[in-house]
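The values are calculated or read from the model by the stated rules, or taken from the named source; none is laboratory data. Only a predicted model underlies this, so the values are computations on that prediction, with no experimental measurement involved. Note that we place each Cβ from the backbone using ideal geometry, even for glycine, and neighbour counts take in every protein chain shown.
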Amino acid sequence: MGKGRRLSLESIVIALFIVIGAAFTVLTLSASWLLSPKAPSPEKITMYECGVEPVGGPWVRFRAGYYVYALLYVIFDIEVVFLYPWAVTFGRPGIGWFVFIEMIIFIAILAGGLAYAWKEGALRWR
Amino acid sequence: MSPVLIATLRVLAAVGLMLLNGVVLIYMLRKVLGHLHVRLGPTELGPAGMFQTLADVVKLLTKEDPTPGMVDRVLYFLAPLIVFVPSLAAYAALPFSSSIIAADLDAGLLFTFAILSLVTLGIFAAGWASYNKWSLLGAMRSIAQQVTYEVPLLLAALPPVMIAGSMNLADIVRAQQGSVWFIVPCFPAFLFFLVAGLIEANQTPFDMSEAESELVAGFATEYASMKFGLLFLSEFSNTFVFSALMVTLFFGGWTLPFVPDALLSGVGGAVVFMIKTYLVIAVLMWVRGTLPRVRIDQLLSLGWKVLLPATLVWIVITGLAVKLGPALIGGVS
């Protein structure tokens with residue numbers, strides 16, 4: 001019972017953080033909209049480019065030089081998610097060396113993957 | 001009191017703290033940077049220019065806010081909300097003292113990191129929706145920063161979790177109460193956390209998504225008025241949250257050595273926590289006023305070729321130490 005109550009209060013707090021945060025945003029932006037002067041002109045709504053006439057638009061095919069990094073990022077982010085529960089439990093009394101060594105092997109495989117990607121030139125800006 | 005009322009009061013307190021942090025931090029940044037540049041910073045409004053930020057809030061609220069003609073309207077208006085809400089929710093799990101926590105989550109550390117990583121989505125939405133070349137460049141850079149910092153930051157926060165045996169932020173502080181602050185056994189992890197956190201908090205030398213001197217205002221170029229205000233309030237607030245996490249993980253949270261816990265369990269602890277956090281922020285501002293910005297490819301190299309391997313090695317070393325004996329790392333059982 002005690003645990004259940006505690007959990008439910010926390011879920012309410014998190015949910016309210018999101019609801020009140022959104023409400024605060026809407027409220028602030030509405031207040032600013034009500035208070036601000038409105039004098040539209042065609043110049044004000046053009047794209048800002050330091051004062052010169054804009055040439056071409058920004059929604060083009062934009063080359064992300066870090067594309068391969070982003071792929072590796074997905075892999076390593078998931079690795080981290082696996083590491084966290086392990087970090088909490090592996091030191092507890094009664095949990096032997098097996099759990100520790102298993103995770104070392106897991107880290108070693110991923111480190112090997114990183115070393116391979118590095119050697120193949122994936123960690124290079126292009 | 002009903003749980004909903006308690007929860008509402010806690011969230012409103014967090015909103016108040018966030019606004020207060022914004023006002024104080026902007027003033028502090030101007031003063032600290034000013035003195036680092038051998039000038040005075042704001043001086044005109046109030047004693048030592050103290051009311052300057054308040055005047056700026058009024059200015060932001062009453063400024064004209066023209067919507068550029070070509071923007072993606074839905075995303076453009078949604079982006080400040082996507083940035084602001086996670087920044088606020090990141091206060092949920094911070095342990096200001098053993099009794100002042102909005103939500104005492106068992107996975108508090110993971111929750112804070114997870115919710116903070118949503119901010120980047122909002123920043124990218126803002127940059128893409130703005131239909132502006134500066135904004136797009138800033139948005140692409142902010143994704144590059146996310147790709148760089150997140151894995152090393154999470155890995156650098158792992159050694160304290162391993163020693164404390166918990167992801168609950170209050171429990172991590174309590175684990176330091178009985179022994180030493182985790183900066184002593186985890187000093188390298190602290191350094192990695194500091195560097196990765198500077199990237200996370202968009203702080204110079206890693207502020208390339210904003211980069212006033214090259215990209216106008218980066219992802220926020222087309223934002224004016226309070227929409228801009230909210231984007232920057234979130235940014236200052238993220239700096240605070242990162243510093244608070246650092247205090248929690250490495251500097252003993254609300255505790256002080258040789259001071260009995262009874263004195264620090266309530267408001268006293270929260271005062272200690274805030275002072276420590278502001279000291280960390282002062283150091284971040286000092287870094288900001290001292291170092292030049294790095295290039296984006298240098299950032300990626302730093303993250304993947306230095307921080308990531310180093311944090312992995314340090315995790316293995318910490319793991320061995322935790323396994324081999326509590327005596328090795330300051331008597332934590």
Fill in: Test result for A:Phe100, over 30 Å from B:Ile82 (Cα atoms), part of a helix (DSSP H, G or I), at the interface with chain B (Cβ under 7 Å from one of its Cβ atoms) and not aliphatic (A, V, I, L, M)
yes
Discussion item. Among the residues in the stretch B:54-65, are any among the hydrophobic types (A, V, I, L, M, F, W, C), touching a helix residue (DSSP H, G or I) at 6+ places or on another chain (Cβ under 8 Å), facing chain A (nearest Cβ under 9 Å) and under 29 Å from A:Ala31 (Cβ atoms)?
Written reply: yes
Discussion item. Can you say whether A:Ala15 is more than 7 Å from chain B (Cβ to nearest Cβ), in contact with a helix residue (DSSP H, G or I) (Cβ under 9 Å, 6 or more places away or on another chain) and aliphatic (A, V, I, L, M), as far as the supplied structure shows?
Written reply: yes
Discussion item. Among the residues that make up the stretch A:49-59, is at least one of them modelled with pLDDT of 80 or more, under 31 Å from the mean Cα position of the chain (by Cα), of a type in the set (Asp, Glu) and surrounded by 10 or more Cβ atoms within 10 Å (Cβ to Cβ)?
Written reply: no
Discussion item. I want to confirm something. Restricting to the stretch B:146-159 and keeping residues that are more than 7 Å from chain A (Cβ to nearest Cβ) and of a type outside the set (A, V, I, L, M), which single residue is nearest to B:Leu300 (Cα to Cα)?
Written reply: B:Thr148
Worksheet, complete the sentence: Expected single match for within 7 Å of chain B (Cβ to nearest Cβ), within 18 Å of the chain's Cα centre (by Cα), more than 19 Å from B:Ala129 (Cα to Cα) and touching a residue at least 40 places away in the same chain (Cβ under 8 Å) among A:Tyr84, A:Tyr69 is A:Tyr69
Worksheet item: Among the numbered criteria (1) over 30 Å from B:Leu153 (Cα atoms); (2) surrounded by 13 or more Cβ atoms within 10 Å (Cβ to Cβ), which single criterion is violated by A:Ala22?
Response: (1)
Fill in: Wholly enclosed helices (runs of 4 or more DSSP H) of the stretch B:211-320 bearing at least 3 residues within 14 Å of another protein chain (Cβ to nearest Cβ)
B:212-215, B:225-250, B:296-301
Worksheet item: Going by the structure shown, is A:Ile107 part of a helix (DSSP H, G or I) and either on the phi > 0 side of the Ramachandran plot or within 9 Å of chain B (Cβ to nearest Cβ) (or both)?
Response: yes
Item to complete: State whether the residues of the stretch B:263-284 include one that is within 28 Å of B:Glu210 (Cα to Cα) and in contact with a Phe, Trp or Tyr (Cβ under 6 Å, 6 or more places away or on another chain).
Response: yes
Discussion item. For the stretch B:20-53, give me the residue count where each residue is surrounded by 14 or more Cβ atoms within 10 Å (Cβ to Cβ) and within 18 Å of A:Thr25 (Cα to Cα).
Written reply: 3
Discussion item. If the requirement is being touching a residue at least 40 places away in the same chain (Cβ under 8 Å) and either of a type in the set (Phe, Trp, Tyr) or farther than 19 Å from B:Leu231 by Cα (or both), which of these qualifies: B:Met28, B:Met70, B:Met18, B:Met50?
Written reply: B:Met70
Practice prompt. For the stretch A:84-106, state whether one or more residues are touching a helix residue (DSSP H, G or I) at 6+ places or on another chain (Cβ under 7 Å), within 26 Å of B:Ala125 (Cα to Cα), surrounded by 12 or more Cβ atoms within 10 Å (Cβ to Cβ) and among the hydrophobic types (A, V, I, L, M, F, W, C).
Written response: no
Worksheet item: Which one is nearest to the other protein chains (Cβ to nearest Cβ), of the residues in the stretch A:110-126 that are under 25 Å from the mean Cα position of the chain (by Cα) and not in a helix (DSSP H, G or I)?
Response: A:Trp125
Discussion item. With the requirement that a residue be facing chain A (nearest Cβ under 8 Å) and in contact (Cβ under 8 Å) with a residue 12 or more places away in the chain, what does the stretch B:160-184 give you?
Written reply: B:Val161, B:Met162, B:Ile163, B:Ser166, B:Met167
Discussion item. Every residue in the stretch B:158-199 that is out of contact with any Phe, Trp or Tyr (no Cβ under 6 Å at 6 or more places or on another chain) and either in a loop (DSSP other than H, G, I, E, B) or hydroxyl-bearing (Ser, Thr, Tyr) (or both), please.
Written reply: B:Gly165, B:Ser166, B:Met167, B:Asn168, B:Ser179, B:Val180, B:Val184, B:Pro185, B:Cys186
Item to complete: Check the stretch A:38-45 and report whether any residue there is of a type outside the set (Val, Ile, Thr), more than 7 Å from chain B (Cβ to nearest Cβ) and under 25 Å from B:Val83 (Cβ atoms).
Response: no
Practice prompt. All but one of (1) surrounded by 18 or more Cβ atoms within 10 Å (Cβ to Cβ); (2) touching a Pro at 6+ places or on another chain (Cβ under 7 Å) hold for B:Ala90, so report the exception by its number.
Written response: (2)
Item to complete: Those residues that are within 15 Å of the chain's Cα centre (by Cα) and among the hydroxyl-bearing types (Ser, Thr, Tyr), I need them from the stretch B:234-292; list them, please.
Response: B:Ser234, B:Ser237, B:Thr239, B:Ser243, B:Thr248, B:Thr277, B:Tyr278
